[in-house]
Amino acid sequence: MLPKKMAGAILPGNSSVEMKEFDVPKPGHGQVLIQTKATTICGSDIRCIYREHVGKGPEGYIPGMVAGHEPCGVIVEEGEGLRRFKKGDRVIVYHISGCGVCNDCRRGYYISCKSRFRQAYGWQRNGGMAPYILAEEKDLIALPDELTYKDGAQVACGFGTVYEAIEKIGISGNDAVLVTGLGPVGLAALMLAKALGANKLIGVEMNEYRIGLAEKLGLVDHVFKPGDNTLDEILEVTGGRGVERAIDASANDAGRQLAIRATREWGKIAFVGEGGTCTFNPSPDIIHGQKTIYGSWVTSLWRMEELVERLVRWNIHPEDLITDEFSIERAGEAYKLMAGGQCGKVAVIFGDQDER
């Protein structure tokens, strides 16, 4: 018997969390009710909602909505008209619900849907910081038995975002890879690049905790702090030529410049860190080196399905980047920790978790 009420976390926009009572929703046609098992906190939640409601358009948070756009759980109630999923299925929620009929949606890129019907979980509709979440069947990705709910929550945004960028620039055993900014997204980039066989992994980060975490998890061959000599240090460990591939997750002007300039001729760079600016000199930095910069925003439904299949094949677990776990009653502590940056990924956990 499902409860009628639940407590969910909302973000007032003043670096605090409030708990509010909500009705447990009933699924309608094409919808399911998911019992949330794990929801992780994204840096965009901190940047656009937690500290201050600065987001506009797709990042515009509707005050009073249940936060959390990285949820994973199990279906506990079915609406009418389901075509694939059923009660008992373990699922990841792709965190944008697109209109489903525009060109971007038909390509699987709900993230790029520009329809007035577009809604993001945890932004314009209730998200995963509550024991139950109402979701559209079309927004679901099956969670393989080999992956945990915490793995799935990581895939819902961060790992999916990085995988999309990696697929755009291409990473293989031929490549030395640089990642600027080793927050959760940067660490995910290193983990996936390693799985793809990159032969040299280089990170740039100023936060001592995150440097230590990258080294502890064996995700870097070299890690440097940003400074006047960082480019020279990267060139030194790459035979003077630089890396074949670079990913910026810093959202910092200097970090982006470094990613560009530390990439060798004919190399490729992906920008995934949100916000900030980038100042570079087109001729020496890009044109003369025949380099390519890719912008990459989240991922598509089909790539997310592909990613979970490959995670099983590679036998890697995104949950390894989770350093701290909290109950929903302690959501305020979870957001505060994530905002402070002295952590890897932070998760809010509900009830019993599956064993691997």
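The values are calculated or read from the model by the stated rules, or taken from the named source; none is laboratory data. As the structure is a prediction and not an experimental result, all values here were calculated from the model. Cβ sites come from the backbone with ideal geometry, for glycine too, and all protein chains shown count toward neighbours. Each accessible area value is taken on the protein alone, full model and side chains, heavy atoms only, with ligands, DNA and RNA left out. Shrake-Rupley method; radii C 1.70, N 1.55, O 1.52, S 1.80 Å.
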>> If F85 meets every condition in (1) at pLDDT below 95; (2) touching a strand residue (DSSP E or B) at 6+ places or on another chain (Cβ under 8 Å) apart from one, which number is that one?
In response: (1)
>> Please pick out the residue among A214, A193, A270 that is in a helix (DSSP H, G or I) and under 22 Å from E167 (Cβ atoms).
In response: A193
>> Could you list, ordered by first residue, the pairs with Cβ atoms under 9 Å in which the first is in the range 249-270 and touching a residue at least 12 places away in the same chain (Cβ under 8 Å) and under 18 Å from V237 (Cα atoms) and the second is part of a helix (DSSP H, G or I) and open to solvent by 10 Å² or more (accessible area, probe 1.4 Å), at least 6 apart or interchain?
In response: L258/L231; I260/D285; I260/I286; R261/L231; R261/P284; R261/D285; A262/L231; A262/L235
> Residue check, T279 against (1) in contact (Cβ under 8 Å) with a residue 40 or more places away in the chain; (2) out of contact with any Pro (no Cβ under 7 Å at 6 or more places or on another chain), all met but one. Which one?
Replying inline: (1)
>> So in the range 231-241, with the set limited to residues that are without any contact (Cβ under 8 Å) to a residue 40 or more places away in the chain and within 19 Å of I286 (Cα to Cα), which one is most open to solvent (accessible area, probe 1.4 Å)?
In response: R241
> When you go through W302, W314 one by one, which is the residue that is among the hydrophobic types (A, V, I, L, M, F, W, C), in the same structural domain as D139 (by the TED database) and exposed (fewer than 13 other Cβ atoms within 10 Å of the Cβ)?
Replying inline: W302
> So is E244 under 20 Å from G203 (Cβ atoms), among the charged types (D, E, K, R) and either surrounded by 16 or more Cβ atoms within 10 Å (Cβ to Cβ) or touching a Cys at 6+ places or on another chain (Cβ under 9 Å) (or both) or not?
Replying inline: yes
